Amino acid sequence: MTTMETRPAEDELAFGRLSAAGIEKFREKIGLDWPYDRWTTWNEQATRDGIRHYAHGFGDDNPLWTDPEHGARSRWGSVIAPPGFLEGAGLTPELPRRGEDKGRGKGALAGVHMFWAGDAIRFFRQVRESDRLWVRRFYVSIDERESRFGGQSAYSVRRRVYWNNDGELIAIWDANFVHTERDTAAKRNKTQTEPPAQHLYTEDELAEVDAHYAAEITRGADPRYVEDVEVGVELTPRYRGPMVIGDIIAWLQGNGRHEIYPYKLNHRNRQRMGGFYQRNADGAWDSAMRVHWDDEFARSVGARRAYDYGMLRNAWMTHLVTDWMGDDAILVNCDDRITGFNTLGDLTRITGSIAEVDIAGEWPEVIVRVECHNQLDERTAHGSFRVRLPSRARGLPEFPTAPADHGLLAGMPTPMSGPWAS
């Protein structure tokens, strides 16, 4: 994913520039709610159609997400959502208006480009069909550092906390972002050696990819027991690609982005967040989101071509794990990093292996390490996934106990609507 902050009303912070003053101003956003409303969320409720569209958007046909009859026979009693479904879901409950919050962080790092750099997600409950979802979104940190994406940069962590309509905690999701100056990245890109010519895939290469697609297996209702897991065993590799613009469209059909609404809604967006939009080669207003389908614009931020959304690779890696673990298992933690661009034309090979069986906690947890490499053998993403499998001796696993603070920061206000309404 990529985004740009809104242009500041005043000129005290240089638009599009990464500065110490801008980073310090950005810190004012820590603990400040950034609400999701019906304009910005994609799914306020986990409908059967919404869950299926999300799954199909990244190529997942697991019947636990897509087949109501299969879901009814499972331990969950209904269709449930893939773990990543939450990324575009939920409404923020009504919060008290506090005078001290007005103007906090306004204009900070406006016009500075952001790259999705990874995730740290803790799960405490599944999303069931018909669940109404609630979310609070806020920053928890920002620090200055060097970045491979464009020299000097900043690194921020944006947290989202999700609940169902009973106020039960579903997940705490920390998304990591790299902030870079777009002009600096563009200049750096021009000084580098020209990228290799785009690979033209042969019939044999495409046939090999198709053979892998045809051989993909979903574990499903067949339990995978923790007693049978051996450290060092490799999961069957998978391929995704070669990536085309249609793959980006399919992802957006399931995950959605309010920033690319058309026509009258585009005009409304430009009034709300003008810094996110620029004139394109035709002189028309277009969003910064076009780095995902416009090669020329993507090169301006340091990529060799238009590139995917970071969350799409998170979905690919998670898909490998959920197909392997089966219906009765629980994904309790995901920690992934996006380490390079995955551009149009790239073919991604996804591999996984059993790194550890951790028996120190309340339930044995299998740690699966997953990596993504492109056709040039460049690693573009990697992650660790903690899974609780069923046990022959102990039965079905349960989710971890939710933390008492639900991941909220001290001093954040109590909601006045949803499950929290008195």
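Within the set of pairs 6+ apart or on separate chains, which have a first residue in the range 274-288 that is within 18 Å of F15 (Cα to Cα), a second that is open to solvent by 40 Å² or more (accessible area, probe 1.4 Å) and part of a loop (DSSP other than H, G, I, E, B), and C-beta atoms under 6 Å apart? These pairs meet every condition: G274/R7; G275/T6; G275/R7. Contact map, the range 78-89: residues that are in contact (Cβ under 8 Å) with a residue 40 or more places away in the chain and open to solvent by less than 10 Å² (accessible area, probe 1.4 Å) paired with residues that are among the hydroxyl-bearing types (S, T, Y) and outside any helix (DSSP H, G or I), Cβ distance under 6 Å, separation 6+ or inter-chain. Pairs shown: L86/Y162.
Counting only residues that are part of a loop (DSSP other than H, G, I, E, B) and surrounded by 22 or more Cβ atoms within 10 Å (Cβ to Cβ), the range 130-148 holds 2 of them.
State all residues of the range 56-67 that are assigned to a helix (DSSP H, G or I), more than 17 Å from F123 (Cβ to Cβ) and touching a residue at least 40 places away in the same chain (Cβ under 8 Å); if no residue qualifies, say none.
H56, G57, P63
Across the range 247-265, the number of residues qualifying as of a type outside the set (A, V, I, L, M, F, W, C) and open to solvent by 30 Å² or more (accessible area, probe 1.4 Å) comes to 7.
The residues of the range 217-236 that are closer than 17 Å to N62 by Cα, open to solvent by 60 Å² or more (accessible area, probe 1.4 Å) and in a loop (DSSP other than H, G, I, E, B), listed by number, are I217, R219, A221, D222. Evaluation of Y155 against the conditions (1) surrounded by fewer than 20 Cβ atoms within 10 Å (Cβ to Cβ); (2) of a type in the set (F, W, Y); (3) within 18 Å of P403 (Cα to Cα) shows that the sole unmet condition is (3). When N266 is tested against (1) in contact (Cβ under 8 Å) with a residue 24 or more places away in the chain; (2) within 29 Å of A315 (Cα to Cα), just one condition goes unmet, and that condition is (1).
Consider G232 against the criteria (1) in contact with an Asp or Glu (Cβ under 8 Å, 6 or more places away or on another chain); (2) at positive phi: it satisfies all of them except one. Which criterion is unmet? It fails just one condition, (1).
With the requirement that a residue be within 26 Å of the chain's Cα centre (by Cα) and of a type in the set (S, T, N, Q), what does the range 343-400 give you? Hits for the range 343-400 are T343, T348, T351, S353, N374, Q375, T380, S384. Of all residues in the range 286-337, those satisfying the criterion of being more than 18 Å from V112 (Cα to Cα), in contact with a helix residue (DSSP H, G or I) (Cβ under 7 Å, 6 or more places away or on another chain) and open to solvent by 20 Å² or more (accessible area, probe 1.4 Å) are W293, R305.
Mind checking which residues of the range 97-107 are more than 13 Å from W34 (Cα to Cα) and surrounded by fewer than 22 Cβ atoms within 10 Å (Cβ to Cβ)?
Applying the first criterion (more than 13 Å from W34 (Cα to Cα)) to the range 97-107 yields 98-100, 107.
Listed by number, the residues that qualify are R98, G99, E100.
Could you go through the range 298-313 and let me know if any residue there is of a type outside the set (F, W, Y) and closer than 21 Å to F399 by Cβ.
The first filter runs over the range 298-313 and keeps only residues of a type outside the set (F, W, Y), leaving 298-306, 308, 310-313.
Retained after the next criterion (residues that are closer than 21 Å to F399 by Cβ): none.
Checked the range 298-313: no residue is of a type outside the set (F, W, Y) and closer than 21 Å to F399 by Cβ.
Anything in the range 112-141 that is among the aliphatic types (A, V, I, L, M) and at pLDDT 95 or above? List them, or say none. Let's see the steps before the verdict.
Kept after step one, since they are among the aliphatic types (A, V, I, L, M), are these residues of the range 112-141: 112, 114, 117, 120-121, 127, 133, 135, 140.
Once the filter is applied, which keeps residues that are among the aliphatic types (A, V, I, L, M) and at pLDDT 95 or above, the range 112-141 yields A120, I121, V127, L133, V135, V140.
Is the range 46-67 home to any residue that is closer than 30 Å to G103 by Cβ, surrounded by fewer than 18 Cβ atoms within 10 Å (Cβ to Cβ) and modelled with pLDDT of 95 or more? The answer is no, given that none of the residues of the range 46-67 is closer than 30 Å to G103 by Cβ, surrounded by fewer than 18 Cβ atoms within 10 Å (Cβ to Cβ) and modelled with pLDDT of 95 or more.
Mind checking which residues of the range 338-394 are among the small types (G, A, S) and either surrounded by fewer than 20 Cβ atoms within 10 Å (Cβ to Cβ) or at pLDDT below 95 (or both)?
Within the range 338-394, G340, G345, S353, A355, A360, G361, S384, S391, A393 meet the criteria.
Annotation: L376 fulfils all but one of (1) under 20 Å from E234 (Cα atoms); (2) in contact (Cβ under 8 Å) with a residue 40 or more places away in the chain; (3) touching a Pro at 6+ places or on another chain (Cβ under 8 Å); the unmet one is (1).
Of all residues in the range 20-40, none that is free of Cβ contacts under 8 Å to residues at least 24 places away in the same chain and over 18 Å from E100 (Cβ atoms) has its Cβ atom under 7 Å from the Cβ atom of a residue that is surrounded by fewer than 17 Cβ atoms within 10 Å (Cβ to Cβ) and small (G, A, S), 6 or more apart or on another chain.
The values are calculated or read from the model by the stated rules, or taken from the named source; none is laboratory data. Treat the numbers as computed from the prediction; the structure is a model and nothing was measured. Ideal geometry is used to build each Cβ from the backbone, glycine not excepted, and the neighbour counts take in all protein chains shown. Calculation scope for accessible area: heavy atoms of the full protein, side chains included, ligands and nucleic acids excluded. Shrake-Rupley method; radii C 1.70, N 1.55, O 1.52, S 1.80 Å.
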